[in-house]
Amino acid sequence: MNESETRAEYIDPKLKASGWGEVEESKVEKDREEWKLKIKRWNEKIQKDKEEIEKISKQKSMGFPWLAEAYAKFLNENKLRPIFFTSTSLSDKAKEMANALSVEIIENEPIGEFPRIKCNINNDEFGSQTRIYHLPIDQQYDRTIIGNRMGEFYAFTVKEAEDAGFRRAFKHRY
């Protein structure tokens, strides 16, 4: 599950139920009709669980206890252990929040070198195979998933990507 799906499934419905704006205005790109159906289902579930939601909302922990609850549920369902690596030191408040969410912290880690260029293989609208590389600043970088097809990889340099037959993404212009 990626960041957009996590937000759509766990965070946006709770924000909407708490009166923090409309899910439709969020940055998550989903089909509008699909959203309407999901929101309708979420609203029905929220109505059924109204007493439980009110009970959770009254808790003082972290100001937004439902967010922590949704996060914990997601981690447990997917058997994930969150670890936060940072090259800096965290504030006491950040450490407190991480501890409350059971997030392991590793501070002051040197960044080191790692490949950042995503070399993606896909098919275009005509069915022809495309070999495209995405830099971290490119528009589709965060959406690009590497590892679905044989030959995809992370490159250290543009030269390495181009030597392997990949071209720069066209949608890198803003």
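The values are calculated or read from the model by the stated rules, or taken from the named source; none is laboratory data. Keep in mind that this is a model prediction, so the values were computed, not measured. Here Cβ is always computed from backbone atoms with ideal geometry, including for glycine, and neighbour counts include all displayed protein chains.
A few points about this structure:
- Among residues of the stretch 125-162 being among the basic types (Lys, Arg) and assigned to a loop (DSSP other than H, G, I, E, B), the one that is surrounded by the most Cβ atoms within 10 Å (Cβ to Cβ) is Arg143.
- Residue check for Ser91: modelled with pLDDT under 90 and not aromatic (Phe, Trp, Tyr): no
- Options Gly19, Gly63; residue that is at pLDDT below 60, of a type in the set (Gly, Ala, Ser) and out of contact with any helix residue (DSSP H, G or I) (no Cβ under 8 Å at 6 or more places or on another chain): Gly63
- Taking first residues from the stretch 137-153 that are in the same structural domain as Phe166 (by TED's automatic domain parsing) and partners that are modelled with pLDDT under 85, the Cβ contacts under 6 Å between residues at least 6 apart in sequence or on separate chains come to Asp138/His172; Gln139/Lys171; Gln140/Lys171.
- Flag if Thr86 is in the same structural domain as Ala161 (by TED's automatic domain parsing), modelled with pLDDT of 85 or more and of a type in the set (Ser, Thr, Tyr): no
- Being in contact with a strand residue (DSSP E or B) (Cβ under 9 Å, 6 or more places away or on another chain) and outside any loop (DSSP other than H, G, I, E, B) is true of Asn122.
- Counting only residues that are over 22 Å from Glu3 (Cα atoms) and loosely packed, with under 12 Cβ neighbours inside 10 Å, the stretch 88-113 holds 11 of them.
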